[in-house]
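The values are calculated or read from the model by the stated rules, or taken from the named source; none is laboratory data. This structure is a prediction, so every number in the text was calculated from the model and none was measured. Don't worry about glycine lacking a Cβ; one is built from the backbone with ideal geometry, like all the others, and counts go over all protein chains shown. Side chains are part of the model used for accessible areas, which takes the heavy atoms of the whole protein and leaves out ligands, DNA and RNA. Shrake-Rupley method; radii C 1.70, N 1.55, O 1.52, S 1.80 Å.
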Number of protein chains: 2
Amino acid sequence: MHTDGPDPALPIAVFDSGVGGLTVLHECLVSLPEEDYVYLGDDARFPYGARSAEDLSECVRRNTAFLLDRGAKLIVIACNSAAGAGIEPARELAAAGGVEVVAVIEPEAEIAAAITESGRVGVLATPATVAGGAYLRALGRQHRELTVTQVAAPDLAAIIQRGFPFSEAVVETVRSYCAPLKRARVDTVILGCTHYPLVRPMLQRFLGREVRLVTAGHAVAAGAQRILEAEGLESSNEKEGEYRFICTGDAAAFRELGTRFLQMPLGEVERVELAD
Amino acid sequence: MHTDGPDPALPIAVFDSGVGGLTVLHECLVSLPEEDYVYLGDDARFPYGARSAEDLSECVRRNTAFLLDRGAKLIVIACNSAAGAGIEPARELAAAGGVEVVAVIEPEAEIAAAITESGRVGVLATPATVAGGAYLRALGRQHRELTVTQVAAPDLAAIIQRGFPFSEAVVETVRSYCAPLKRARVDTVILGCTHYPLVRPMLQRFLGREVRLVTAGHAVAAGAQRILEAEGLESSNEKEGEYRFICTGDAAAFRELGTRFLQMPLGEVERVELAD
């Protein structure tokens, strides 16, 4: 237990470039319902997946600083593009207050390596994540011979963020992203963007029943739970905690889409300006 | 192989009282993508869950007759309220043409009995399904001592059919349906209506991580696949089959909601009048 760590009464802070990270928040709510949460969707800068590594490091730093300033006992980076650019800026800022950081990417790599039978693993991710190679490095650390097929999906997060217009054009776009994964005969596909679980049914249809889809949410929630227990940071709430939502773009749009994604009324969504 | 069975080139026909059965159709599309499908949503008579057993038998008979008349090689009853009232009217009509019938309820009972550790199983279903006792009978056939807690959820299918308004009132309603299941400390809950998988995240949150939710879709798809293989009725399509959607109510509303549920453009939705 940190003697100088954060106050256990503070919320868990989660951030993403938009609503996608709500898939990770959802798993945290299932595992740790008594905790308070604050969620930041940096939708003014959406999509992160088209940004440079330098830009993304700056997003990670800025979001983390903002959330620590508001008060947080744990930082959850629920955006693969951001995590792929490196979580060190968040770790450095958070360490000063004894706050730990949990992030996507490593958990999915561990799960994929554990469950693939053929060793042929696919990664579907944003251009930034694919170019940065974070999944290749994470999968390379798994002590197992793996053949990895990466596919950059430039439009998929934006399609989901726009609210699922399941037109023929969208279906053809997503089908084209799945084609190289099918050709490579992968048996496991990492959904390397927190938006993608929202179109899991469509992806499963294109990839086939036998392909296992790996997402980060549950593993990230388990990681958060381990840290809170180890550090004695669990909430003393006796019932469901409080959830607050903050965005940097259009609050009404965020609220409408987020309510649908999370299957929960978001209540008031606060809009903040985060200076570049 | 039936020498006088249906033509393998005919579609698989699926029906429900609305869009809920699309969760079952989705699993069929994943397992058997080359098949052609016709889906009937009897939304003019929605909700089935408030109807008498006599009414429901008539719905089953009428829908099956309509679909056989259009041409079908297999009938899938993707509505628990209808299946709970008895699938004999469908079996009798279909048998004349050598067509088999697959239905929900029995598959979920088999899965639930196989996976519960404590033997305490919950059933969340419509008033018609709960009152008819079909799940109690199906669970009673599983050669295992089970304690079953049934909860009738009069409004849940309608909430979903209206398109998920995740208001505080909806959340409180759903929470109240989950409360008796939590009190009974069930470790497994059958989602006894094909609409319910669409609010799985919300249900999982209220019931907790440790409770397993059982749905029919995958098992029904597997049942359909077994029959087609055993009877030599597989499609000879070499790529994805064609899907047609028919409803009895508002075609535009069905199309909009169904596209979102299925994550696929439904295309033209045909409206038909089915005489009482």
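Summary table
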{"item": "Three-way shape call for the range A:1-103 based on the alpha-carbon gyration tensor, with the a/c threshold at 1.5", "result": "oblate"}
{"item": "Cα shape, chain A, gyration tensor, a/c 1.5 rule", "result": "prolate"}
{"item": "Accessible heavy-atom area order of B:Arg185, A:Arg45, highest first, probe of 1.4 Å", "result": "B:Arg185, A:Arg45"}
{"item": "Solvent exposure of the range B:43-166 as accessible area per residue, Å², 1.4 Å probe", "result": "39"}
{"item": "Cβ-placed point charges (K, R +1; D, E -1), dipole of the range B:25-171 about Cα centre in debye, nearest 20", "result": "280"}
{"item": "Solvent-accessible surface ranking, highest first, for B:Ser17, A:Ser57 at 1.4 angstrom", "result": "A:Ser57, B:Ser17"}
{"item": "Nonlocal amide H pairs with A:Tyr243, under 5 Å, H built at 1.01 Å", "result": "A:Tyr37"}
{"item": "With DNA, RNA and ligands ignored, accessible area of B:Asp36 (1.4 Å probe; Å², nearest 10)", "result": "40"}
{"item": "Apportionment of accessible area to carbon and sulfur, chain B, percent (1.4 Å)", "result": "49"}
{"item": "Mean ellipticity per residue at 222 nm, deg cm²/dmol - from DSSP H runs of n ≥ 4 across the protein assembly as shown, formula -39500 (n - 2.57)", "result": "-13000 deg cm²/dmol"}
{"item": "Interatomic Cα distance distribution for the range A:106-215, bins of 5 angstrom, percent", "result": "2, 13, 26, 26, 19, 9, 4, 1, 0"}
{"item": "Between helix B:217-231 and chain B: long-axis angle, C-alpha atoms, 0 to 90°, nearest 10", "result": "30"}
{"item": "Loop-located GluC sites (Glu not before Pro) in the range A:163-228, at most 15 other Cβ atoms within 10 Å (DSSP)", "result": "A:Glu210"}
{"item": "Those residues of the range B:16-41 for which accessible area with every protein chain present is at least 30 Å² below the isolated value (1.4 Å probe)", "result": "B:His26, B:Val30"}
{"item": "Charge dipole (the range A:115-213, unit charges on Cβ, about Cα centre) - positive-most of A:Leu213, A:Ala125, A:Thr194", "result": "A:Leu213"}
{"item": "Compactness of the protein assembly as shown, expressed as Rg and Dmax over alpha-carbon positions, Å", "result": "24.1, 79"}
{"item": "Nonlocal amide H pairs with A:Gly71, under 5 Å, H built at 1.01 Å", "result": "none"}
{"item": "Student exercise, the range A:106-215 dipole from Lys, Arg, Asp, Glu Cβ charges, in Debye to nearest 20", "result": "160"}
{"item": "Delta accessible area of at least 10 Å² on complex formation, residues of the range B:138-172, 1.4 Å probe, chain isolated as reference", "result": "B:Phe164, B:Phe166, B:Glu168, B:Val171"}
{"item": "Point-charge dipole on Cβ atoms (K/R +1, D/E -1) for the protein assembly as shown, about Cα centre, debye to 20", "result": "460"}
{"item": "Exposure of A:Ser31 as accessible area (Å², to 10), given a probe of 1.4 Å and all protein chains", "result": "20"}
{"item": "Placed amide H near B:Val76: partners under 5 Å, 5+ positions off or other chain", "result": "B:Ala13, B:Val14, B:Phe15, B:Val102"}
{"item": "Three-way shape call for the range A:183-276 based on the alpha-carbon gyration tensor, with the a/c threshold at 1.5", "result": "oblate"}
{"item": "FRET E, pair B:Ala50, B:Thr173, Förster distance 22 Å, beta-carbon r, rounded to 0.05", "result": "0.90"}
{"item": "Projected label distance in nm at A:Glu34 and B:Ala95, using a 7 Å step from Cα toward the beta-carbon", "result": "5.7"}
{"item": "Sites B:Ala158 and B:Glu273, calculated FRET efficiency, Cβ-Cβ separation with R0 30 Å, nearest 0.05", "result": "0.85"}
{"item": "Interface area, B with A, accessible, probe 1.4 Å, both sides summed, Å² nearest 100", "result": "2400"}
